[in-house]
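> Here it is: the structure, laid out below.
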Amino acid sequence: MCGIVGIVGKDPVNQALYDGLTMLQHRGQDAAGIMTVDNNTLRLRKANGLVRDVFHTRHMHRLTGRIGIGHVRYPTAGSSSSAEAQPFYVNSPFGIAMAHNGNLTNAQELQQQLFEKARRHINTTSDSEILLNIFAHELYQQESLQLTAEDVFAAVSRVHRQIRGAYAVVAMIIGHGMVAFRDPWGIRPLVLGKRDTAKGPEYIVASESVAVDGTGFTYVRDIEPGEAVYISEDGQLTSRQCADNPQHCPCIFEYVYFARPDSFIDKVSVYASRVNMGRKLGEKVKRDYAHLDIDVVIPIPETSCDIALEMANILDLPYRQGFVKNRYIGRTFIMPGQTQRRKSVRRKLNAISAEFRGKNVLLVDDSIVRGTTSEQIIEMAREAGAKKVYFASAAPEIRFPNVYGIDMPSANELIGHGREAAEINDLIKADGLIYQELDDLIAAVQEENPAIEQFETSVFNGKYITGDINQSYLDRLDAARNDIARGGDNSAEDANLELHNELDDE
Ligand SMILES: O=P(O)(O)OC[C@H]1O[C@H](OP(=O)(O)OP(=O)(O)O)[C@H](O)[C@@H]1O
Ligand SMILES: NC(=O)CC[C@H](N)C(=O)O
Ligand SMILES: [Mg+2]
């Protein structure tokens, strides 16, 4: 899940873009980038690493201009090479820079078509570079030198007709303005914010509302599925529905794991939805597992803390933070290779023995994906002296790959694939394993905004809403992107064609 941000301001936007990206860091730890436009010239800094490591003072000085976009990356296509860090740039028409969150499901066909129809070369294996070139080609078809909002909307409409999958996008068109659009299912989130200044209004678009609040803007609304919002360089905002048949079907995993709890996505408080997940799961334990002799409820930091606290309330049991999280280690699930993910669990979490010794503990996590965390954490709980270790997951069994922007390309790497809870329980060596029901998970989120009638839940039930995913697609994805295919750590490096404003990479 990447994070994107774009600002059309009245004063330099570099610091606000930087701040916005730090507030979206949890969505992507692999690479970060900012592009600004100043005096019709693009300014760029992008590299592998966390936001704080990628941008030094001298880079910030170079990122001048009152309009800019930024990206934090968690790769779901291509490699982790810095060549695939975003934003991407293409020089025709006008000069366009783009940042994308999501994943295209027909990238291969699109690349072929781009070459045949438009003689466009794609130099990386990133689906986002393809998306940028499709958009550029469609904008070029407008044949107008004085680009209008209508021209941009017409191009976005044609993009929607060609590309499949999930995409929340922000793009800058040099000399004109910024456009942001969301796929016709609204799978990935995108919000709009505004700030009034003495010089006129400034606008921000971002993956999550936390980046709007934290940069001093005010949340205006979510961008609708299929909608495009165009903000001209002088700050005129226009919006248009550009999809033929938009339907709202947001990714439920945003609420389970990806988003920050203080964000609102599609008018749903992520925090409140997690509390509801804890309530539902607590009620299930109370109803069906009353025979378990649980002494204490312990979360697996960090995402599950809000869920576990509510479970403890429902079960009328003590809640104890029995694991301490090293605040300098990032999220393990979004790390690129299994070796790195495995090693990081013990570096990241450490048990406080007093909370485990001689007790029957219920460990709570938001989800079990590969089982990397649960297996090791149960072992750690036993080493710390727990008598019995029960485990509860606020998401149901994750059985199917994800093709919409979560890096779960291989069914065989999912501990829940083709297994029932009892088998998974044995693999992670728990004394009991309780999963949330899918209906309860959906209800937990829907309760916060009943207007959302459906959610993207393919990892739980194998139903891919875009209608273009079959077994042979999943087999190809598996072969291309499973951990072995990626050499274990996905560290393909730097045979790249980059656009730099600095003389060296220091
Ligand atoms: O079964 P797995 O493959 O281990 O994946 C699931 C785990 O990964 C995530 O934690 P992560 O460390 O990424 O982030 P967090 O600190 O936000 O919980 C998630 O919260 C689970 O704990
Ligand atoms: N997680 C994402 O949104 C990834 C965006 C894009 N598919 C990439 O791999 O760079
Ligand atoms: Mg976790």
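> For residue 277, all conditions in the list (1) of a type in the set (A, V, I, L, M, F, W, C); (2) touching a Phe, Trp or Tyr at 6+ places or on another chain (Cβ under 9 Å); (3) not in a helix (DSSP H, G or I) hold save one; what is the number of the exception?
Here residue 277 meets the rest and fails (3).
> Quick check, is residue 408 assigned by the TED database to the domain that holds residue 289, modelled with pLDDT under 95 and surrounded by 19 or more Cβ atoms within 10 Å (Cβ to Cβ)?
So residue 408 passes the test.
> Sort through 40, 14 and tell me the only one that's surrounded by fewer than 19 Cβ atoms within 10 Å (Cβ to Cβ) and either assigned by the TED database to the domain that holds residue 187 or free of Cβ contacts under 8 Å to residues at least 24 places away in the same chain (or both).
Of 40, 14, the one residue that is surrounded by fewer than 19 Cβ atoms within 10 Å (Cβ to Cβ) and either assigned by the TED database to the domain that holds residue 187 or free of Cβ contacts under 8 Å to residues at least 24 places away in the same chain (or both) is 40.
> Next up: Sort out which residues of the stretch 140-186 are under 27 Å from the mean Cα position of the chain (by Cα) and either basic (Lys, Arg) or in a helix (DSSP H, G or I) (or both), and write them in order of number.
152, 153, 155, 156, 157, 158, 159, 160, 161, 162, 164, 182
> Another question about this same structure. Looking at (1) more than 16 Å from ligand 1 (Cβ to nearest atom); (2) more than 22 Å from the chain's Cα centre (by Cα); (3) touching a residue at least 40 places away in the same chain (Cβ under 8 Å); (4) assigned by the TED database to the domain that holds residue 313, can you tell me which one residue 438 breaks?
That leaves (2) as the condition not met.
> Return the pairs, sorted by first residue and then second, in which the second residue is within 16 Å of ligand 2 (Cβ to nearest atom) and at pLDDT below 95, the first residue lies in the stretch 186-213 and is outside the structural domain of residue 72 (by the TED database) and open to solvent by 10 Å² or more (accessible area, probe 1.4 Å), the beta carbons are less than 9 Å apart, and the residues are 6+ apart or on different chains.
Final answer for the pair search is none.
> Another question, if that's okay. Condition first: crowded, with 19+ Cβ neighbours inside 10 Å, of a type in the set (S, T, N, Q) and assigned to a strand (DSSP E or B). Now tell me which residues in the stretch 344-386 satisfy that.
Passing the criteria: none in range.
> Among what's in the stretch 280-333 and is more than 15 Å from ligand 1 (Cβ to nearest atom) and in a strand (DSSP E or B), pick the residue that is surrounded by the most Cβ atoms within 10 Å (Cβ to Cβ).
Ranking the candidates gives 297 first.
The values are calculated or read from the model by the stated rules, or taken from the named source; none is laboratory data. Since we're looking at a predicted model, the values are computed, not measured. Using ideal geometry, Cβ is built from the backbone for each residue, glycine included, and neighbour counts are taken over all protein chains shown. Areas reflect the complete protein model, heavy atoms only, side chains present, ligands, DNA and RNA absent. Shrake-Rupley method; radii C 1.70, N 1.55, O 1.52, S 1.80 Å.
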